[in-house]
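Taken together, the values in this text are just the output of simple stated rules run on the coordinates, not laboratory data. Keep in mind that what you see is a predicted model, and the values were worked out from it rather than measured. When we count neighbours, we look across all protein chains shown, and the Cβ atoms used for this are built from the backbone with ideal geometry, even at glycine.
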Amino acid sequence: MKSCLIVIDAQESFRHRPYFDDRLANDYLAAQNALIDGFAAAGAPIVRVFHVDGPTVAGNPFAVESGHVRPIEGLAAFDATASFTKSRHSALVGTGLDVWLTRQRIERVTISGIRTEQCCETTARHASDLGWQVDYVTDATLTFDMVQPDGRPLSAADIRARTATVLDGRFATVCGVERALERLLDGPQAAQ
């Protein structure tokens, strides 16, 4: 089965948000880099997706004008097979990624990046609904602590657990880096 790694929004923009947590980012980057290295070693395609939205001023870290729409510091350097820019949560809305995946005869997408419950989860659900098999690599996604509408805290760990629970078996196979790389090498991908 031909697989593709999608690295969603792993960009410096997040470091310029008040909720950014270096400790969480370091754990994420170790997992994300291992996933990138494994896909690169297997010769499997790796797609880079950046998020860009307004206002288009230097003070907005998600505007190109800020200079922060670039790989997050600490991310392994890799030659992206394809790169896309999005302005919606799903990397499959308005980017052409869906067309590219179809033309490349990709059957399974492996989802990783920033944020776990937002752009990564939305892309996983969307990809599943469009017919791709989805591997969702929880430890290769990053999110941050949040506050619930009633004012109670919600930890990043709880957000990751919730996301894994609602995706697994419905929209994706939820797995860690090691299992995702095993699944990559299980099929004919290694021979392609």
Based on the Cβ-Cβ distance of Ala161 and Thr56, what FRET efficiency does E = 1/(1 + (r/R0)^6) give at R0 = 22 Å, to the nearest 0.05?
0.05
Where in the stretch 147-174 is the amide nitrogen less than 11 Å from a point lying 7 Å along the Cα-to-Cβ axis of Asp27?
156-161
DSSP beta bridges in the chain, what fraction antiparallel, as a percent rounded to 5?
10
Between Val174 and residues 5 or more places away or on another chain, the pairs with built amide H atoms under 5 Å apart involve Tyr136, Gly169
Placed amide H near Lys2: partners under 5 Å, 5+ positions off or other chain
Glu107, Arg108
Quick one: angle between helix 177-186 and the longest Cα principal axis of the chain, in degrees between 0 and 90, rounded to 10, please.
20
Find me the longest stretch of the chain that has none of the exposed trypsin sites (Lys or Arg not before Pro), where exposed means in a DSSP loop (not H, G, I, E or B) with at most 13 other Cβ atoms within 10 Å.
1-104
Yeah, the stretch 1-87 with a ≥ b ≥ c from its alpha-carbon gyration tensor (a/c under 1.5 is rounded, else prolate when a/b outruns b/c, oblate otherwise) is oblate
Mind checking the dipole of the stretch 95-192: about its Cα centre, +1 per Lys or Arg Cβ, -1 per Asp or Glu Cβ, Debye to the nearest 20?
200
